[in-house]
Amino acid sequence: MKTLLIALIILVTGFNASAQPMKLAYFESFPPYSWVEENKMTGILIDIVDEVIRDRLNIPVQHAGFPWARAQNLVKSGDSDAFITLPTPSRREYTVCSELGVISIEMKIFVKKGNPLIPELMQIQHLEDLKKYDIVDYLGNGWIEHNLKEEDGWAISLLVSSEQTYEVLNKGRAAIRMDVNHVGRHILKKLNLNKSIIELPKPVVDPYFLNLCIRKSSEYVNIIPQFENEFRNTQKDGMIEKIYDKYR
């Protein structure tokens, strides 16, 4: 009877008790989307994966955070199954990415308060206009690698962590930092720099999306259509908005 009950549970839920968990790699310092707190991953991306993949698709998941460059290498090398990120051409070489965006991103300019360049920066109309400024960012930022290439004339100072970039900005060692609005605000609040560094109102580019990208050789590479369907359901029933509300 017990065996029959277990078989029925597997049949109804689709859960495979022997399946290896789907391993997701995250940037360990990307709040409010993903970061380490009390030795475990937390944030909007983690909650979305738990809601859609773990709870609705009945697939066991394992979350782990790393410096972003390492997280990407772990997916590429086969040690992790997936990440949620900008689906650049280089990442599509070794992953299959959802067509549906999971997170909408708005890129803003952050500068030190009182910077004499602020009036000039407020008049910026195109991304190319920022080439002449000293820009700081972190290693492994795919948006920077894809859009601000050295061969196109960009000179970006790259540091290990996002927090370091704002500390450098506050010390006047760089002119600007381009960052996702919610991420920048969260880090500035954490570092108690939200009164000394300000966010300029105009986005530097049109909003873009982060997508679920699964390694081509992963056993989970074929779940993307189901993921997209269930993600739409979470939007319809208000669960995604509840996840966002948790981190506001």
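Every number here is computed from the coordinates shown, using simple stated rules; none is lab data. Here the structure is a predicted model, which is why all the values come from computation and not from measurement. As a convention, Cβ positions derive from the backbone with ideal geometry for all residues, glycine included, and neighbour counts pool all protein chains shown.
General observations
- In degrees, nearest ten, helix 181-190 long axis to first principal axis of the chain (Cα): 80 degrees
- Considering only alpha-carbon pairs that sit under 8 angstrom and 6 or more positions apart, the relative contact order computed for the chain is 27 percent.
- Hull volume in cubic angstrom per residue (convex hull over the Cα atoms of the stretch 185-248): 171 Å³
- Spatially proximal aspartates and glutamates relative to LYS242 (Cα-Cα < 14 Å; intrachain offsets below 8 disregarded): ASP47, ASP50, GLU51
- Violating pairs (Cα-Cα greater than 25 angstrom) within the set LYS108/LYS149; LYS23/LYS236; LYS131/LYS202; LYS113/LYS202: LYS23/LYS236
- Over all directions, the projected convex hull of the C-alpha atoms in the stretch 132-198 averages 4.4 nm² in area.
- Converting the Cα gyration tensor eigenvalues of the chain into ellipsoid dimensions via √(5λ) gives semi-axes, longest first, of 38, 18, 16 Å.
- Radius of gyration (Cα atoms) of the stretch 66-115, expressed as a multiple of 2.2 N^0.38 Å: 1.52.
- Entry note, the chain: the mean residue ellipticity at 222 nm calculated from DSSP H runs of n ≥ 4, each adding -39500 (n - 2.57), is -9000 deg cm²/dmol after division by the residues and rounding to the nearest 500.
- Global geometry of the stretch 133-248, whether rounded, prolate or oblate, following the gyration tensor of its Cα atoms and the 1.5 cut on a/c: oblate
- Crossing angle, helix 68-77 versus the chain [Cα axis fit, 0-90 degrees, rounded to tens]: 40 degrees
- Shape box of the stretch 84-146 [Cα atoms, principal axes, largest first, Å]: 45, 21, 19
- Highest to lowest packing among 230-238, 83-91, scored as the average C-beta count within 10 Å: 83-91, 230-238
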